[in-house]
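A.B. asks: This is the structure I have questions about; it appears just below.
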Amino acid sequence: MKKKKSILFVWKGLWKGLVITLKHFMSPKRRVSKGIQDEGYFHQREGSSTLRYPADQLPVPEVGRYQLAIEMNDCIVCDLCAKICPVNCIDIEAIKATEDIGKTSDGTTKRLHAAKFDIDMGKCMFCGLCTVVCPTECLVMTNEYDRSFTDPKELNYVFAEMSVEEAAQKRAAAAAADLAKKAAKEAALNKPSEMKGAQQ
Amino acid sequence: MAFYFISVVLLGFIAVYALMAVWAERKVSAWIQDRVGPVVTGKYGLLQTFADIFKMLQKEDITPTVADKKLFLTAPILVFTAVFMGFATIPFSPQYISSSINIGLFYLLAIVSIEVLGILMAGWASNNKYALLGSIRSIAQIISYEIPAALAILSVVMLFQTLNLQEMCIQQGVLSKQSLYFFGFWDVTKVGGIFAWTIFQAPHLLIAFVIYFIASLAECNRTPFDIPEAESELVAGFHVEYTGFKFGALFLAEYAMMFLVSMIAAILFLGGWNTPLPNIASVSLADYTTGTYWGIVWILLKALALVLLQIWIRWTFPRYRMDQLMTLCWKVLIPLSFAMVLFSGIWKLFILN
C-alpha cells in the first residue's frame, strides 16, 4: 500500500514549481558578453543564456586560433605548409627568381616568387600544423572567426599579390635564366679539362 | 446595424488577442526557459505572430486524399464558430452585452460543448491514427471535465438565483440591489470592490473557483491536461493534418477558447466588470471606478490575467497521464464540486436568510 500524501503536500509542490518558473521569468534578459578570460565567466548562472549573435559577440582571446592569415613579405614560398596540410587546402605555385629578391624580417633570403598562394577556408580543419612547420612564422592563426560569404568560392582566400602578367613575365624570366644556366652547364661539360684546370 | 458592428469588433478583437496571446505564450515560455523568444520582428518581436499568420495564409491548402473532404473543411469552421458564438452572452460592462438573455450561462455551457463535436470531426475526417487518437482523448477529457466545471458554476448560480451573466455581475458590486455579505458576516453592499466578489461572498466559492479553473484548463486542452495534443506522443493531436488557413482557424479557436473560459471565470468568480477597489469611508473608489469604460478595462484585465496564469501553468507543470487525468476528474473534482453545490444550498438557506 502506497503511503498517502496529504493534499497540502501536493499544493506545496505545485507552488514550488510555480515559484521556480517565476524566478526564471523575472531574471535578466540580456546576456552580458563575457569572454572566457573575463572575471566570473563560469559563474553566469542567472538570466538568459541566449547570445543575440550578430548584435552581441563573445570576446575571443587575442591568441585565438581561428582563421589563417599570412604575411606575404615574410614568406619564402618553401611549400612546407602545403605539404603538411592533411586536407590539402593550401595551393602554392612558386617561380624561381633570377636573383635574390630580398630578406624576410628574420633574415632569411627569399629566392622564390609566389605566383599563387591560396588557402581554401572551406576545406581547412584548423589543425594548425601549417603554422608549426612554417620556418619564418609568417603563416599564423588569427583571432578572427566570423567571416561568411554568399558564394562558397570566396572561402578560397587568395594571398599572392602577383598579377597574372607579372607572373607570366617572371615565369619567362625564370625559364630564360634556366636555359642560360643549362647552356652554361653544357658548355662547361663540353670543356671538362678546362673546368678541371680551373678548379685545380 | 449595431449588432453587426459589435460582432465585427468582437471578431477583430479576438483575432488580435489570439495573435498577441501566441506572442505572449512564446515570450513567457522563452523567459521561463532562460531564452529570449522572438526579438527580431518588430519591437520586442511583437510582429512575429502577424508575420506567422501571413505566412500561414499564403500556404497551400492541402486536403489529404483519403480524408473526408466535407467534414475536413467544416471542422475548423465549426470549432471557431462555436467559440466565437460563446462571446454573445458575455457582458463587457454594465452597458455592453451582445445578448442579455436569461439563460446566458446555460447557453455558454451548451456552446462550449459544440467545440467537442468540431474536434471529433477534425480527428475523424483527417483519416489519421494520431488525429483520431487525439480527438478521442480530447472528447473523453472535455466531456468528463464539463461535469465539475458545470457543478462549480451551479454552486454560484444557486447563490445568485440567475443564469443571466449581466445580473451575476451586478450582484458582485456596488450596483447591487440586494445586500451582499463578505463571507456572510460583513455587509459590503455599499463597500463593493474586491470584498463583494463571488469568491469572497462565501468561503466554499474559493474552492469552487479552483475547481472551475482546473476544469477550464482541461476544457481548452491546456497543460497539464494537454494529452489530446501531446507532442511527444501524438505529433500534434487532432490538427496534425491541417495546414494553412484551416490550421490557423483551429489555432485561433484554441486561444479564443482560453479567453472565453477566462472570461467566464472572471464573471462568475472575480466580479466581472466590477472594480477591485473598495469604497473606503468617504473615499468612494468603487463608485468612481465603476462604469462603461472602467468595466471594459476591469473585465479584460481580469480575463487576461487568468490567461497569463494559464500560460504560466503550461510552462511549469508536466502532462498528466490519461488514467491520472480521469482519476483527478471523477474521484476528486466531481465529489468536491458536489460538496460545493451542497454547501451553496446550505449557505443560501441558512446563512443568507
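A.B. asks: Looking at B:Gly12 and the list (1) without any contact (Cβ under 8 Å) to a residue 60 or more places away in the chain; (2) farther than 16 Å from B:Ala253 by Cα; (3) not aliphatic (A, V, I, L, M), which single condition is not satisfied?
C.D. replies: The one condition B:Gly12 does not meet is (2).
A.B. asks: Further question on the same structure: Restricting attention to the range B:340-350, does a residue exist that is touching a helix residue (DSSP H, G or I) at 6+ places or on another chain (Cβ under 9 Å), surrounded by 14 or more Cβ atoms within 10 Å (Cβ to Cβ) and within 13 Å of chain A (Cβ to nearest Cβ)?
C.D. replies: No, there is no match, as no residue in the range B:340-350 is touching a helix residue (DSSP H, G or I) at 6+ places or on another chain (Cβ under 9 Å), surrounded by 14 or more Cβ atoms within 10 Å (Cβ to Cβ) and within 13 Å of chain A (Cβ to nearest Cβ).
A.B. asks: Inspect the range A:17-36 for any residue being under 30 Å from A:Val63 (Cβ atoms), surrounded by fewer than 10 Cβ atoms within 10 Å (Cβ to Cβ) and more than 10 Å from chain B (Cβ to nearest Cβ) and give the result as yes or no.
C.D. replies: No.
A.B. asks: Further question on the same structure: So which residues in the range B:18-44 are buried (at least 18 other Cβ atoms within 10 Å of the Cβ), without any contact (Cβ under 8 Å) to a residue 60 or more places away in the chain and either away from chain A (no Cβ under 14 Å) or within 19 Å of B:Gly248 (Cβ to Cβ) (or both), if there are any at all?
C.D. replies: Correct list: B:Leu19, B:Trp23, B:Arg26, B:Pro38.
A.B. asks: Which of the residues spanning the range B:311-332 are more than 27 Å from A:Leu22 (Cα to Cα) and either aromatic (Phe, Trp, Tyr) or within 14 Å of chain A (Cβ to nearest Cβ) (or both)?
C.D. replies: Of everything in the range B:311-332, those that are more than 27 Å from A:Leu22 (Cα to Cα) and either aromatic (Phe, Trp, Tyr) or within 14 Å of chain A (Cβ to nearest Cβ) (or both) turn out to be B:Thr327, B:Trp330, B:Lys331, B:Val332.
A.B. asks: Does B:Leu342 count as of a type in the set (A, V, I, L, M), farther than 16 Å from B:Asp226 by Cα and free of Cβ contacts under 8 Å to residues at least 60 places away in the same chain?
C.D. replies: Considered against the rule, which asks whether it is of a type in the set (A, V, I, L, M), farther than 16 Å from B:Asp226 by Cα and free of Cβ contacts under 8 Å to residues at least 60 places away in the same chain, B:Leu342 comes out as yes.
A.B. asks: Follow-up. Can you confirm whether the range B:64-83 contains a residue that is without any contact (Cβ under 8 Å) to a residue 60 or more places away in the chain and within 14 Å of another protein chain (Cβ to nearest Cβ)?
C.D. replies: No: the range B:64-83 contains no residue that is without any contact (Cβ under 8 Å) to a residue 60 or more places away in the chain and within 14 Å of another protein chain (Cβ to nearest Cβ).
A.B. asks: Can you name the residue in the range B:98-120 that is touching a Ser or Thr at 6+ places or on another chain (Cβ under 7 Å) and part of a helix (DSSP H, G or I) and is also surrounded by the most Cβ atoms within 10 Å (Cβ to Cβ) among such residues?
C.D. replies: The extreme case among them is B:Ile119.
A.B. asks: Can you find a residue in the range A:1-13 that is without any contact (Cβ under 8 Å) to a residue 60 or more places away in the chain, within 13 Å of chain B (Cβ to nearest Cβ) and aliphatic (A, V, I, L, M)?
C.D. replies: There is at least one residue in the range A:1-13 that is without any contact (Cβ under 8 Å) to a residue 60 or more places away in the chain, within 13 Å of chain B (Cβ to nearest Cβ) and aliphatic (A, V, I, L, M).
A.B. asks: Hey, could you check the range B:314-351 for residues that are of a type in the set (Val, Ile, Thr) and either outside any helix (DSSP H, G or I) or modelled with pLDDT of 90 or more (or both) and say which is nearest to B:Trp197 (Cα to Cα)?
C.D. replies: B:Val341
A.B. asks: For the range A:67-85, state whether one or more residues are of a type outside the set (S, T, N, Q), within 14 Å of chain B (Cβ to nearest Cβ) and either assigned to a loop (DSSP other than H, G, I, E, B) or closer than 30 Å to B:Leu336 by Cα (or both).
C.D. replies: no
A.B. asks: Return yes when A:Ala55 is more than 10 Å from chain B (Cβ to nearest Cβ) and over 28 Å from B:Ile311 (Cα atoms) and no when it is not.
C.D. replies: No.
The values are calculated or read from the model by the stated rules, or taken from the named source; none is laboratory data. Fair warning: this is a prediction, and the values are worked out from it, not measured in the lab. Here Cβ is always computed from backbone atoms with ideal geometry, including for glycine, and neighbour counts include all displayed protein chains.
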